[in-house]
Each structure stands twice: as structure tokens, then as C-alpha cells.
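The block underneath contains the structure these notes are about, expressed in C-alpha cells.
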Amino acid sequence: MKKFAGLFIITCLFSAASPAQPALAQSQQNKQQATADAGAPDYSNLKYWASHPRKRDTGDSIPSFLKNEKRDTLADVFFLHPTTYTQRMEEGKWNADVNDEWLNLHTDNRTILNQATIFNGSCRVFAPRYRQVHLRTFFTFNNPAAATAFDVAYEDLKQAFLYYLQHHNNGRPILIAAHSQGSLHAIRLLKEFFDGKPLQKQLVCAYVVGWQIKPTDLKTIPLGQSADATGCIVGWRAYKKGTSDFLVQTENGNGMVVNPLTWTTLDAWAPASLHKGMVDKRFNSLAPVTISAGIDPKLKILGVEVSGSAEGIGSNTNYHVADYNLFYMNVRENVKTRVDAYLKKNMQKK
């Protein structure tokens with residue numbers, strides 16, 4: 001049981017659970033909805049943005065070895081952070097409190113620092129705080145109270161995105177970037193705002209990482225097939241080469257994946273010579289590692305081989321917590337490549 005719990009914390013994927021008593025479930029749902037309605041964030045207040053161009057925050061951080069990097073911010077990234085609400089859950093408190101200072105600091109010093117900063121070389125970073133669901137919620141996905149909690153989390157992100165569009169976008173190119181729980185919500189956001197909608201023309205790329213992307217999730221947004229493709233979605237889930245978990249196996253290969261070393265969907269193994277670098281745990285320098293990777297053609301996950309000493313990459317086989325970090329510099333360079341390609345393509349149209 002202990003082993004399974006550890007696996008779940010790393011993967012943040014949901015599994016089926018026994019349905020709760022109907023009356024109890026409805027009671028929990030009502031309590032949760034009342035709590036949620038009382039704590040909705042006001043996105044006109046910078047307090048409710050983990051990262052925002054109009055304040056100094058960890059999303060502005062740059063590793064010291066990149067201090068001379070030429071940076072540009074001609075595009076915007078809307079970043080949906082993963083689950084950080086993992087401490088002991090109070091009864092019925094399925095959603096996080098966006099005014100929880102400890103949780104906000106934890107979020108800022110983990111996912112905003114180590115993931116959202118990847119995009120600050122080419123984008124203004126917008127990362128809203130939201131009433132994310134507790135990790136435990138994924139165990140009870142078929143519980144009505146849990147379903148309400150997921151809706152509350154998404155509604156916050158939707159309102160944050162609407163506020164961004166109304167007050168900050170002004171027709172600028174948009175990247176959507178997310179991880180784990182954030183990617184679950186990102187797919188929903190893409191469906192509602194981009195897929196077959198006028199806003200799709202402003203989409204540079206959606207980096208939907210650490211979550212299963214089904215072929216049926218989106219109708220008109222294609223999977224990226226090259227490093228400079230735009231208007232597309234890319235994503236991966238990293239595991240030690242030759243391994244997976246039972247949750248992935250139950251998917252029967254019903255997923256889409258792009259290799260962040262080649263930015264293609266080819267199954268061929270990509271050598272370590274293509275790896276640009278992983279930022280170390282202290283966010284100072286590149287970790288002393290080399291990484292090669294390839295797509296598992298049956299499971300549709302990314303197999304990874306890490307040579308060297310790398311801290312903070314997760315379990316021995318599941319690298320979920322480091323999906324972005326393993327390929328920090330590859331993603332950072334790719335963001336620039338895609339933004340440049342988008343701008344060039346749209347300049348030619350004018």
C-alpha cells in the first residue's frame with residue numbers, strides 16, 4: 001500500500017475508487033461548493049498571480065549561466081501549474097485556499113521556479129493561482145464532490161484566462177504551458193477557447209506535459225511534428241527506459257507523445273548528443289547529466305536514460321516530477337524557435 005501511494009504521488013494520475021454513499025457524497029459536494037464560492041480569486045489583484053509581468057516573482061528567475069542570454073518577450077505564456085496541494089487534507093476541503101501563504105510559497109519555489117521559468121526567455125509569464133484540487137481527489141474521481149472540485153479549479157483558470165485576454169493580450173501570440181493537474185485543465189481550456197475558435201490563430205504552441213493526451217481530445221489542433229511547427233500541441237510523460245506503471249498500461253497506447261529531444265513523433269531513439277541540458281536542483285547551473293530518450297511505440301510514453309548524478313527527478317522509474325526539468329534547455333530553446341517561426345509566418349501574411 002505504501003508503495004502504491006508513493007507511485008500515485010509521483011504520477012498524479014487518477015484511478016477509480018469505490019463510490020461514496022449518495023447522501024454523504026451530496027453533502028460533501030454541497031459543502032465544497034459553498035466553500036468554493038466564498039474563496040474565488042480576484043484576478044485584478046496581483047496577489048492571485050504566482051507569476052505576472054507587473055510584479056517581481058520567481059517566474060522572473062534565470063539560472064546564472066544564462067545571465068548573458070538574449071531574451072525577448074514578443075509572446076505570452078499562460079502557465080497552469082501542477083498539484084502542490086498535497087499536505088494533509090481537512091475533511092471536505094477538496095480545493096486549496098488561494099490565500100494559503102505557505103502553499104503559495106511552496107508553489108512559487110517549486111513549479112514556478114523550475115518549470116514556468118523555462119518560458120521567460122521568449123515570453124511574458126502569466127501563471128494564476130487557482131483552487132487546485134487536493135492530490136487525494138484523484139483517488140475519488142467518480143465522487144460527485146470530487147467532480148465539483150475539478151470544476152472549481154478549472155473555473156478559476158478560465159476566469160484568469162479571460163482576465164488575461166481582456167486586459168493584457170492585445171492580439172499577442174499565446175503559448176499554453178502546463179504540467180500534470182495543470183495539463184488536465186489545459187486540455188479543457190484549449191477545447192473551450194482555441195479548438196476551432198478564432199483565438200486558435202494566435203496559438204503558438206501548447207506544451208501539455210505530464211498528462212495523457214488522447215487523439216480525440218482536440219479536433220483542429222494538431223500534434224506538433226517538427227521543432228518549428230506552430231498552432232499545435234506537444235507533450236510527453238517521462239519514465240525510465242523500459243518501464244511504465246499499471247495506469248499507463250490500462251490506456252492501451254491511447255495517447256500522443258512528442259520527443260523533446262527531436263520534437264517529432266518518431267520512435268527512433270534520440271541520442272544524448274541532442275540533450276541541451278537540465279538545470280540542477282539549486283537552479284544555479286546545469287546538472288552533470290546526459291539524457292537520451294525515445295518514444296515507446298506501444299505505450300506512447302517517453303522512455304528516458306539518465307547518465308550521471310541528477311537530484312530531484314522522482315522515483316527510480318517514474319520521472320513525472322521532472323518531466324520539464326529533464327529537458328529544461330531543450331524546451332527553452334524550442335520555445336524561441338516556435339515563437340520566431342510564428343512571428344515570421346505571420347509577418348509574411350501581412
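The values are calculated or read from the model by the stated rules, or taken from the named source; none is laboratory data. The shown structure was predicted, so the numbers you read here are calculated from the model rather than taken from an experiment. Methodologically, a virtual Cβ is constructed for each residue, glycine included, from the backbone with ideal geometry; neighbour enumeration extends over all protein chains shown.
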*asked:* For segment 178-197, which positions are in contact with a Leu (Cβ under 6 Å, 6 or more places away or on another chain) and in a loop (DSSP other than H, G, I, E, B)?
replied: PHE194, ASP195
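Test GLU69 against the criterion of being surrounded by fewer than 23 Cβ atoms within 10 Å (Cβ to Cβ) and more than 26 Å from VAL204 (Cβ to Cβ), and give yes or no. Spell out the reasoning first.
On the way: surrounded by fewer than 23 Cβ atoms within 10 Å (Cβ to Cβ): yes; more than 26 Å from VAL204 (Cβ to Cβ): no.
Judged against the criteria, GLU69 is not a match.
Which one of LEU105, LEU113 is surrounded by fewer than 21 Cβ atoms within 10 Å (Cβ to Cβ), part of a helix (DSSP H, G or I) and free of Cβ contacts under 8 Å to residues at least 12 places away in the same chain? Full working, then the answer.
Details: LEU113 fails: free of Cβ contacts under 8 Å to residues at least 12 places away in the same chain.
Result of the check over LEU105, LEU113: LEU105.
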*Quick one: in segment 271-326, of everything that is among the small types (Gly, Ala, Ser) and part of a strand (DSSP E or B), which residue is farthest from SER244 (Cα to Cα)?*
GLY308
_Filtered residue count, segment 333-349, keeping only those that are crowded, with 22+ Cβ neighbours inside 10 Å and basic (Lys, Arg)_ = 1
*List the pairs whose first member sits in segment 275-298 and is over 20 Å from ARG237 (Cα atoms), whose second member is in a strand (DSSP E or B) and at pLDDT below 90, and whose Cβ atoms are under 6 Å apart, counting only residues at least 6 apart or on separate chains?*
PRO288/GLY308
_Pair list, Cβ under 7 Å, 6 or more apart: segment 198-225 residue in a loop (DSSP other than H, G, I, E, B), other residue aromatic (Phe, Trp, Tyr) and modelled with pLDDT of 95 or more_ = ILE221/PHE194; GLY224/TRP263
*Would you confirm whether any residue within segment 289-297 is over 25 Å from LYS214 (Cβ atoms) and either loosely packed, with under 15 Cβ neighbours inside 10 Å or at pLDDT below 95 (or both)?*
yes
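Just to verify a result, which residue in segment 256-286, among those that are of a type in the set (Lys, Arg) and over 14 Å from PHE327 (Cβ atoms), is surrounded by the most Cβ atoms within 10 Å (Cβ to Cβ)?
LYS281
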_Single unsatisfied condition, THR250 versus (1) over 21 Å from the mean Cα position of the chain (by Cα); (2) β-branched (Val, Ile, Thr); (3) farther than 27 Å from LEU113 by Cβ; (4) crowded, with 17+ Cβ neighbours inside 10 Å_ = (4)
*asked:* Given the criterion among the small types (Gly, Ala, Ser), modelled with pLDDT of 95 or more, out of contact with any Cys (no Cβ under 8 Å at 6 or more places or on another chain) and within 16 Å of GLY92 (Cβ to Cβ), identify the matching residue among ALA147, ALA153, ALA127, ALA160.
replied: ALA153
*Please tell me if VAL257 is in contact with a strand residue (DSSP E or B) (Cβ under 6 Å, 6 or more places away or on another chain), part of a loop (DSSP other than H, G, I, E, B) and of a type in the set (A, V, I, L, M).*
yes
